[in-house]
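First comes the structure, then the notes that go with it.
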Amino acid sequence: GENVEQHPSTLSVQEGDSAVIKCTYSDSASNYFPWYKQELGKRPQLIIDIRSNVGEKKDQRIAVTLNKTAKHFSLHITETQPEDSAVYFCAASSSGNTGKLIFGQGTTLQVKP
Amino acid sequence: GAVVSQHPSWVICKSGTSVKIECRSLDFQATTMFWYRQFPKQSLMLMATSNEGSKATYEQGVEKDKFLINHASLTLSTLTVTSAHPEDSSFYICSARGTGGFHYEQYFGPGTRLTVT
């Protein structure tokens with residue numbers, strides 16, 4: 001069935017450094033790849049997304065890249081700040097009848113001041 | 001825009017009782033709503049997909065008779081946990097997907113923390 005693998009499970013960086021989180025997906029029909037940030041006890045917040053007709057998308061300090069051939073997509077956060085500390089989830093979806101999201105396992109990012 | 005609410009935000013119930021959780025899209029019509037369960041320090045696990053006016057589609061391993069889902073209108077879906085047990089204690093989150101410009105994105109509710117004693 002559909003599966004999304006996410007690595008690493010934890011990531012600790014120094015403030016100002018970059019952070020990279022990687023995901024792979026199994027369903028070749030997937031065409032929508034959102035990234036969510038979740039703080040403890042709160043709802044996931046969409047931070048950036050990419051569709052399969054695009055290879056890269058950037059929004060200020062956040063960027064996402066997609067390699068459809070390899071079924072990989074990655075989140076890049078530059079100039080990290082302590083407030084970036086949270087759990088990040090990748091997900092994959094197809095635009096079929098349901099458009100359901102399959103989530104990765106999550107990455108706990110800690111940005112040390 | 002694209003606000004989703006959930007009620008209640010938290011609930012404590014006794015083992016064997018039933019609990020209903022509501023999910024509402026406040027400013028858009030949600031043709032499809034999704035229900036997730038999230039255990040501590042784990043990912044979101046999709047439980048079921050709910051389309052307005054039709055039966056929900058449950059993911060493998062989710063008991064449809066235990067987790068009753070009703071999507072009676074384009075702005076409201078409910079999840080009822082029947083005969084709750086302590087192992088059902090979890091964070092339940094809904095999301096809603098609209099049509100047109102919202103076709104891909106899902107908007108998440110704030111979640112409901114269920115504790116079964």
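Please treat every number below as a calculation from the coordinates, not as lab data. For clarity, every value in this text was computed on a predicted model and none was experimentally measured. Heads up, the Cβs are rebuilt from the backbone with ideal geometry, glycines too, and the neighbour counts pull from every protein chain shown.
State whether one or more residues within the range A:72-84 are small (Gly, Ala, Ser), within 30 Å of B:SER50 (Cβ to Cβ) and out of contact with any Phe, Trp or Tyr (no Cβ under 6 Å at 6 or more places or on another chain).
Scanning the range A:72-84, I find no residue that is small (Gly, Ala, Ser), within 30 Å of B:SER50 (Cβ to Cβ) and out of contact with any Phe, Trp or Tyr (no Cβ under 6 Å at 6 or more places or on another chain), so the answer is no.
Looking at A:GLN60, is it within 14 Å of another protein chain (Cβ to nearest Cβ) and within 16 Å of the chain's Cα centre (by Cα)?
So A:GLN60 does not fit the description; no.
Of all residues in the range B:42-60, how many are within 12 Å of chain A (Cβ to nearest Cβ), out of contact with any Phe, Trp or Tyr (no Cβ under 7 Å at 6 or more places or on another chain) and part of a loop (DSSP other than H, G, I, E, B)?
The total comes to 5.
Scan the range B:5-19 and give yes if some residue there is out of contact with any Ser or Thr (no Cβ under 7 Å at 6 or more places or on another chain), surrounded by 12 or more Cβ atoms within 10 Å (Cβ to Cβ) and within 13 Å of another protein chain (Cβ to nearest Cβ), otherwise no.
yes
Are there strands (runs of 3 or more DSSP E) fully within the range A:3-102 with at least 2 residues that are surrounded by fewer than 16 Cβ atoms within 10 Å (Cβ to Cβ), hydroxyl-bearing (Ser, Thr, Tyr) and in contact (Cβ under 8 Å) with a residue 12 or more places away in the chain? List them.
A:10-14
List, please: which pairs have Cβ atoms under 6 Å, are six or more places apart or on different chains, and start with a residue in the range B:1-19 that is on the phi < 0 side of the Ramachandran plot and end with one that is aromatic (Phe, Trp, Tyr)?
B:VAL4/B:TYR107
Looking only at the range B:38-54, decide whether some residue is within 18 Å of B:PRO110 (Cα to Cα), among the aromatic types (Phe, Trp, Tyr) and touching a residue at least 60 places away in the same chain (Cβ under 8 Å).
no
Which residue, of B:LEU46, B:LEU76, is over 18 Å from B:VAL3 (Cβ atoms) and under 11 Å from the mean Cα position of the chain (by Cα)?
After applying the criteria, what remains is B:LEU46.
Mind checking which residues of the range A:14-70 are among the small types (Gly, Ala, Ser) and more than 17 Å from A:SER93 (Cα to Cα)?
Hits for the range A:14-70 are A:GLY16, A:SER18, A:ALA19, A:GLY41, A:ALA63.
Name every residue in the range B:61-91 that is among the aliphatic types (A, V, I, L, M), assigned to a strand (DSSP E or B) and in contact (Cβ under 8 Å) with a residue 60 or more places away in the chain, in order of residue number.
B:VAL81
Can you name the residue in the range B:26-41 that is surrounded by fewer than 17 Cβ atoms within 10 Å (Cβ to Cβ) and within 12 Å of another protein chain (Cβ to nearest Cβ) and, of all such residues, is farthest from A:LEU40 (Cα to Cα)?
Among residues in the range B:26-41 that are surrounded by fewer than 17 Cβ atoms within 10 Å (Cβ to Cβ) and within 12 Å of another protein chain (Cβ to nearest Cβ), the one farthest from A:LEU40 (Cα to Cα) is B:PHE39.
Yes/no per residue for (1) of a type in the set (Val, Ile, Thr); (2) farther than 20 Å from B:GLN106 by Cα:
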residue: A:GLU5; (1), (2): no, yes
residue: A:PRO8; (1), (2): no, yes
residue: A:LYS37; (1), (2): no, no
residue: A:ASP49; (1), (2): no, no
residue: A:SER52; (1), (2): no, no
residue: A:GLY55; (1), (2): no, yes
residue: A:GLN60; (1), (2): no, yes
residue: A:THR65; (1), (2): yes, yes
residue: A:HIS72; (1), (2): no, yes
